[in-house]
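Working notes, structure below.
The values are calculated or read from the model by the stated rules, or taken from the named source; none is laboratory data. These numbers come from a predicted model, not from an experiment. Here the Cβ positions follow ideal geometry from the backbone for every residue, glycine too, while neighbour counts run over all protein chains shown. With ligands, DNA and RNA removed, areas are computed over all heavy atoms of the protein, side chains included. Shrake-Rupley method; radii C 1.70, N 1.55, O 1.52, S 1.80 Å.
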Amino acid sequence: MQTLVSAQELTKVYNRGVEEVRALDGVTFDLQKGDFVAITGASGAGKTTLLHLLGCMDIPTSGELLMNGQSTRGLSDSALTRMRREQVGFVFQHFGLLPTLTVMENMTLPALFSKRDAKESAKELLEKVGMTHRRNHRPNQLSGGEMQRVAIARALINCPQILLADEPTGNLDSVNGEAILQLFHQLNRDGLTIIVVTHNPTLANATQRQLVLRDGRLVP
Amino acid sequence: MTFTKFAFQNMLRRKLRTFVTMAGVAVAVAALFSLLAFQRGYQNGMRDELDRLGAHVLVVPKGCPYDAASMALHGASWPCYLKMGYLEQVRKTQGVSVAAPVFMNALYGANGEQTVYLGINDDIRAVKRAWKIEGALPAQTGDIMLGATAAKNLHAQRGREYSLPGLEGVKGRVCGVLAPTQGADDNFFYMPLADAQRLFKRQGQLTHILVRLQDPNSMDDVVGALRGCEAGMEMNIVPLTHLFRTIQGMVNSTRLLLGCIALVALLVAGAGVSNTVLMAVTERTREIGVMRATGASMSDIFRLIWLETALICVIGGVIGVVVALAGAQSLEGWLRNQLPFSPTGALIHPELSVMFACLVGAAALGSVAGLLPAWRASRLSPIEAIRAT
């Protein structure tokens, strides 16, 4: 098995005024290619902080994070941006679709930033997530489930190795939540590594492995 | 999709706000464009008008030289006169090539329409070298030569007699018609000098003398000699190049003031655009976070916001130029009423180079105004931006 993510003693400290907040405290784990992992824990346990580190949106205060064997320590903003473009795809609880853009335009937005033509792969992805008939609609014309499927397609447009999802079913009803879960299973079967942050026990139990955080530490 | 299309769509998100911001830019650019077009138009019009006059020096009765020049150029009744005897003294002055005497009077009809009569003699041909006459200059008593517009209005034919407007019981035989000059000459009725002096009861008097010099470079010497001659104290010697420079100087002073106002308006518009886009950046903080998470670099965000600002200014600039072009005629009419001296040609002369300069100015304004919001947006931390509500 190929190790895709390796976290060694990951620590993230924030300063809130004079108070020092240890959002993550010595977290160590490895993820293999093709894993489907849930990060769970109570609010404030450090789930989203860990997701942001894995998504190269931030760098750890100490410890080391290896993405595909490359350390994120000391990387410049542009290098982190390049890693985000090439290696990860993000899915948000609030979908994060841009209201002025159509489904197709929202989907191809990451390709615009990476300066590649993604029309063909966008068509394939739209078909995969069952949104071909909505390609010219704007987000305000879509249901929550449809918006999340578009957001997933957008996250996959640059063919990332890892899909990071922050509470992907948090704003959906149970039917749409189940549909998203099935989509994740399908993508995982196709070889995609998926990491979800969730409070949803159904989603968490449906993954292969759970990383449970408490007060910034991994629960053994 | 392209960055420009994306920026354009963002610009249209709050249509009213964008429109108001654009309107600010449009007003400033319209003011700047009108000002520059007026400057060109006025300068060209003045130069053409003085060229058409054909003289190097205008000799007029004592009084304001600008009023006198305006009357000589556009036609009017004069409040004071030169004695015919001064003409010989002017002719005899060293350096003077030709001195053409003119007697001018204007009459007004019941509806306020103006008819300008000019008494001239053969000397006028040496001054008005560009004149093309179908027929002959008025030489015999009762002869009349018409400007092109005057002939058209009268449906005049050469050789026929017509009643002269404003002069009851007086008829004139058309001996010649002047080809169009595009100036005030087109509206005038020309008659022999003696006829004009007799009809208007000013025998032995002139309104002005048009003087051409043997060498225009000796202007200062000749003007000095004219002022020093016996009748020098009774005449006003107006070198037309100096007149042109003086009037242009007066207009330039006003233009400088108006230019400063236009510049301030442009700066205020720029600040308005900057503020609008800053507000938009604040509203879209979370979207910027999403874009950063999905692979947008700092320079991508900078480019997007900067393009949006530049688009607002360039489109505002185009609207401003179009509005200025559409309103040019009304502005010209208003300016003509306000200015003490204005040439007969177009006062507003919109040239392509002026249009181009204004659009480049608008683009430059947008480029500068976009720097702050674009910099702010690009510096947003992706995590903080995503967390923004």
> Applying the selection to the range A:1-39, what residues are closer than 17 Å to A:Val197 by Cβ and touching a Leu at 6+ places or on another chain (Cβ under 7 Å)?
Replying inline: A:Val5, A:Ala7, A:Leu10, A:Lys12, A:Leu24, A:Val27, A:Phe29, A:Leu31, A:Val37, A:Ala38, A:Ile39
> From the residues in the range A:114-158 that are open to solvent by less than 10 Å² (accessible area, probe 1.4 Å) and in contact with a Ser or Thr (Cβ under 7 Å, 6 or more places away or on another chain), which one is farthest from the other protein chains (Cβ to nearest Cβ)?
Replying inline: A:Leu126
> Can you pull out the residues in the range A:17-74 that are open to solvent by 40 Å² or more (accessible area, probe 1.4 Å) and part of a strand (DSSP E or B)?
Replying inline: A:Glu19, A:Glu20, A:Arg22, A:Thr28, A:Asp30, A:Gln32, A:Ser62, A:Glu64, A:Leu66, A:Gln70
> Which pairs do you get when a residue that is modelled with pLDDT under 90, found in the range A:170-197, comes within reach of a residue that is basic (Lys, Arg) and open to solvent by 30 Å² or more (accessible area, probe 1.4 Å), reach meaning Cβ atoms under 7 angstrom, with the pair 6+ apart or on two chains?
Replying inline: A:Leu183/A:Arg149
>> Here's a check for you: in the range B:289-324, which residue that is more than 10 Å from every other protein chain (Cβ to nearest Cβ) and free of Cβ contacts under 8 Å to residues at least 60 places away in the same chain is surrounded by the fewest Cβ atoms within 10 Å (Cβ to Cβ)?
In response: B:Val322
> Considering the range B:159-197 alone, what residues qualify as being open to solvent by 70 Å² or more (accessible area, probe 1.4 Å) and outside any strand (DSSP E or B)?
Replying inline: B:Arg160, B:Glu168, B:Gly169, B:Pro180, B:Gln182, B:Asn187
> Which residues, taken from the range B:340-365, are open to solvent by less than 20 Å² (accessible area, probe 1.4 Å) and either outside any loop (DSSP other than H, G, I, E, B) or modelled with pLDDT of 80 or more (or both)?
Replying inline: B:Leu347, B:Ile348, B:Val354, B:Cys358, B:Ala362
>> Looking at A:Thr100, A:Thr169 in this structure, which one is surrounded by fewer than 19 Cβ atoms within 10 Å (Cβ to Cβ) and out of contact with any His (no Cβ under 7 Å at 6 or more places or on another chain)?
In response: A:Thr100
> Which one of the conditions (1) out of contact with any Cys (no Cβ under 8 Å at 6 or more places or on another chain); (2) open to solvent by 50 Å² or more (accessible area, probe 1.4 Å); (3) hydrophobic (A, V, I, L, M, F, W, C); (4) more than 14 Å from every other protein chain (Cβ to nearest Cβ) does B:Leu36 fail to meet, given that it meets all the rest?
Replying inline: (1)
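Every residue, every condition in (1) assigned to a helix (DSSP H, G or I); (2) not small (Gly, Ala, Ser), yes or no:
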position: B:Thr4; (1), (2): yes, yes
position: B:Phe8; (1), (2): yes, yes
position: B:Arg13; (1), (2): no, yes
position: B:Thr18; (1), (2): yes, yes
position: B:Val25; (1), (2): yes, yes
position: B:Val29; (1), (2): yes, yes
position: B:Tyr42; (1), (2): yes, yes
position: B:Ala55; (1), (2): no, no
position: B:Leu73; (1), (2): yes, yes
